[in-house]
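So the structure is just underneath, and the comments pick up after that.
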Amino acid sequence: MGRDKALLKYHGKSQIEWTAERARAVCKQVYLSVRPDQVGDPARKVLPQIVDRIADKGPIAGIMAAQAQAPDVAWLILACDLPYIDENTLSHLVASRDPSRVATAYRSTHDGLPEPLCAIFEPRSRALIEEYVAGGKDCPRKFLIRNEALLIDQPNPRSRDNVNTTAEYQAVVRGLR
């Protein structure tokens, strides 16, 4: 992309703000996962932050940091590069949650695999994630596959579409007009 995807503007606001507004519809509290070098970023101070405790592990580091902060709650994990995410999709995820499973996640409309960055991770997943990372692994999608997360179908197939290139960003902006 060449720039910070979380700060891209859709819907007249940064993707951080847009995503947080959607999440507030279904969560008591919303946090922003950040790397230590992002803590002082003014654009990221719009939300309470949870700082990664391990470096260079990508999204799974944020999941682990959240679970360390509040180990006894389920965490809805949501990527901040989803311009089509909507409240209905998040409400459906919450309503479909199965606390007896390690996690509840959407099945990708592209390949049928779990979408770990729009998922609910249960408290019991914490020890399993720590063991997984200690074993040298860091892919949250593979974690969900190995641990038989509940996979559900998305009510809005575009809700999980993300933006990874300038051309994709420009196409989304045009489409949202």
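Each value in this text was obtained by applying a stated rule to the coordinates, not by laboratory testing. None of these values were measured; they are calculated from a predicted model. FYI the Cβ positions are ideal-geometry reconstructions off the backbone, even for glycines, and counts take in every protein chain you see.
Calculate, for Ile145 and Val94, the FRET efficiency according to 1/(1 + (r/R0)^6) with r their C-beta to C-beta distance and R0 35 Å; round to the nearest 0.05. The formula returns an efficiency of 0.95 here.
Under a 5 Å amide H cut-off, with hydrogens placed 1.01 Å from N, Gln154 pairs with Arg107 among residues at least 5 apart or on other chains. Given the alternatives (1) 97, 49, 31; (2) 43, 37, 30; (3) 67, 33, 28, Cα extents along the principal axes in Å as computed for this entry is given by (2).
Taking the helices alone, the chain has a mean residue ellipticity at 222 nm of -9500 deg cm²/dmol, built from -39,500 (n - 2.57) per DSSP H run of at least 4 residues and averaged over all its residues.
Stretching Leu113 away from Ala68 to a fully extended chain increases their span by 13.6 nm, per 0.36 nm per residue minus the current alpha-carbon distance. Computed from backbone phi with θ = phi - 60° and the Karplus coefficients 6.51, -1.76 and 1.60, the 3J(HN,Hα) list for the range 109-117 is 6, 8, 9, x, 8, x, 9, x, 9 Hz; x is used for glycine and proline. Take 18-29, 39-50 and order them by the average number of nearby Cβ atoms within 10 Å per residue, most first; the result is 18-29, 39-50. For Cys27 and Thr166, the FRET efficiency from 1/(1 + (r/R0)^6), where r spans their Cβ atoms and R0 equals 25 Å, is about 0.20. The 3J(HN,Hα) values that the Karplus relation (6.51, -1.76, 1.60; θ = phi - 60°) gives for the range 11-23 are, in residue order, 6, x, 8, 5, 5, 4, 5, 4, 5, 4, 4, 5, 5 Hz. Gly and Pro appear as x. Note on the range 9-24 and the range 102-121: Cα centroid distance 21 Å, given to the nearest whole angstrom. Phi angles of the range 87-94 translate, via the Karplus equation with coefficients 6.51, -1.76, 1.60 and θ = phi - 60°, into HN-Hα couplings of 5, 4, 4, 5, 4, 5, 4, 4 Hz per residue; Gly and Pro are given as x. Taking amide H as placed 1.01 Å from N in the peptide plane, Ser33 has its amide H under 5 Å from the amide H of Ile50, each at least 5 places away in sequence or on another chain.
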